[in-house]
Amino acid sequence: MKILYVYGMAQTKDIVFNLREIGYTVEEYPVRQQNSLLDDTELDALMTYIKRNHITHLMSIHLIYNAALTAYRCGIKYIALIWDAPYIKLYTPFGRMDNCWFTVFDKRDCNRFLQDGIPHVMYQPLAVNHFEILQLDIKRKLKGNYLHEISFVGSLYDHNLFDRDLRELPAALQEFFVRVFEASAFCWDGSGCVYGKMDQAVLEDVKSALPDFKIEHRLDVEDVRFFEVAYLIRKIANLERICVLNLLGERFPMTFYTNTDTDTSALVNVEVMPPVLPGKDVFTVYAGSKINLNLSLKGMEGGTPQRVMDIMGAGGFVLSTYCEETAELFEEDKEIVMFRTPEELVDKVQYYLSHDEEREQIAAAGCAKVLQCYTYEKKLKELMNWVETEA
């Protein structure tokens, strides 16, 4: 077996490193590919490389159209590890090709894909590297001290499509969407689902009110589903994250690491920091924060995001929005702590900031669980066994 790893938008080298560690021959394709763009020149170049180097499998993070189609033309398998949810890009001809194999970390997404005829989909929680050596280096750097009381590394989603395209909605439609946001935001017990809050009639009203507004996609999904995913999820995240960060900033020292072009003018009493680099830098923030906040996107119906896995792998304490699937992976209040309402969030922050030993025990237990059960080495072995043995 000879695997060619193709880089798209995600640039991590963790997959390549771990595949080599467990014994696979892996080459890295030298030209980065656009995830959702077919390019005849790139297709020809990739096919030539595959044939010249006797490649038997292609692999990437997320679905890369060039890679999927080239693998099909060459008669080899293409494997894509999906790190996002909901991931409706599988509802394309590429998702339905028999040579394409996908892993997803959200059980509901996985079951939905299988029911909708995507031929090869497997549920797999996300994973981390073995962090033991890096942890020792970080501990020496921190010297038993903490950098932050509470930190959040992420985006405000201030550049969302809802704000970009729907600013001029008439009052009645604005009120409708406000009610949708109120019904979905700030409730993390599973009852605040964004899906099903609107229908085709509402979408037609939007189109009538804004003649220049168009729903454009080439996916095998209804326009309403596309609108919910593309327009509502990130707007709700924008509202939630601003309010949650301000809620905590009023009461506790709150630090927020984000992109330099993020509009943080709505934040009050929140220390805003520039983006932190992947790898050692971000893991130092995770290990050096008494509490690491996770605010999952509302469109992620289940599944444990990479942020949670990385925090735990680095030895940090996680305080996360509640997720039923996360509670299946980790013992609540023993390996991870979750909250369901803003009030519960504030109460748990106050409690764990004042109970150092209990907080550190939970962080240590969560780290041990991740490094025992959810490493790239273990997950890639399971993945490759599935790809090779399933008919």
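The values are calculated or read from the model by the stated rules, or taken from the named source; none is laboratory data. Note that the structure is a prediction, hence the values are computed from the model and not measured. In this analysis, Cβ positions are derived from the backbone assuming ideal geometry, glycine residues included, and neighbour counts consider all displayed protein chains.
Annotations
- Within region 4-53, the set of residues being β-branched (V, I, T), in contact with a strand residue (DSSP E or B) (Cβ under 8 Å, 6 or more places away or on another chain) and closer than 14 Å to Y376 by Cβ comprises T12, I15, V16, V26.
- Any chance A327 is more than 26 Å from Y195 (Cβ to Cβ), aliphatic (A, V, I, L, M) and part of a helix (DSSP H, G or I): no
- Test: T12 is modelled with pLDDT under 95 and of a type in the set (V, I, T): yes
- Test result for Y146, under 22 Å from K77 (Cα atoms) and surrounded by fewer than 20 Cβ atoms within 10 Å (Cβ to Cβ): no
- Among the residues of region 196-238, the ones that are closer than 18 Å to G299 by Cα and of a type in the set (G, A, S) come to 3 in all.
- Top-ranked residue in region 39-73 [being free of Cβ contacts under 8 Å to residues at least 24 places away in the same chain and surrounded by fewer than 14 Cβ atoms within 10 Å (Cβ to Cβ); ranked as nearest to E388 (Cα to Cα)]: K51
- Selection of region 1-41 for residues being more than 13 Å from L58 (Cβ to Cβ) and assigned to a strand (DSSP E or B) yields only T25.
- Residue, surrounded by the most Cβ atoms within 10 Å (Cβ to Cβ), within region 74-94, restricted to residues that are among the small types (G, A, S) and in a loop (DSSP other than H, G, I, E, B): A85
- Members of region 198-219 that are in a loop (DSSP other than H, G, I, E, B), surrounded by 11 or more Cβ atoms within 10 Å (Cβ to Cβ) and more than 23 Å from the chain's Cα centre (by Cα): M198, L210, F213, I215
- Any hit, region 333-342, residues being surrounded by 15 or more Cβ atoms within 10 Å (Cβ to Cβ), part of a helix (DSSP H, G or I) and over 19 Å from the mean Cα position of the chain (by Cα): yes
- Residue list for region 95-107, filter: at pLDDT below 95 and outside any loop (DSSP other than H, G, I, E, B): K107
- Residues satisfying the criterion are present in region 322-329 (criterion: under 30 Å from Y231 (Cβ atoms) and crowded, with 21+ Cβ neighbours inside 10 Å).
- Some residue of region 318-335 being in contact with a Cys (Cβ under 7 Å, 6 or more places away or on another chain) and not aliphatic (A, V, I, L, M): no
- Residue check for D158: of a type in the set (D, E) and either assigned to a loop (DSSP other than H, G, I, E, B) or at pLDDT 95 or above (or both): yes
- Verdict on P125 being of a type outside the set (S, T, Y), farther than 16 Å from A80 by Cβ, in contact (Cβ under 8 Å) with a residue 12 or more places away in the chain and in a loop (DSSP other than H, G, I, E, B): yes
- Identity of the residue in region 343-367, within 30 Å of D14 (Cα to Cα) and in contact with a helix residue (DSSP H, G or I) (Cβ under 9 Å, 6 or more places away or on another chain), that ends up surrounded by the fewest Cβ atoms within 10 Å (Cβ to Cβ): R359
- Summed over region 275-319, the residues that are small (G, A, S) and within 14 Å of the chain's Cα centre (by Cα) give a count of 4.
- Number of residues in region 267-306 that are in contact with a Cys (Cβ under 9 Å, 6 or more places away or on another chain) and among the hydrophobic types (A, V, I, L, M, F, W, C) equals 1.
- Some residue of region 185-193 being in contact (Cβ under 8 Å) with a residue 12 or more places away in the chain, surrounded by 14 or more Cβ atoms within 10 Å (Cβ to Cβ) and at positive phi: yes
- Against the list (1) closer than 27 Å to I61 by Cβ; (2) assigned to a helix (DSSP H, G or I), the condition L297 fails is (2).
- Residue within region 267-287 that is among the aromatic types (F, W, Y), in the same structural domain as Q350 (by TED's automatic domain parsing) and crowded, with 18+ Cβ neighbours inside 10 Å present: yes
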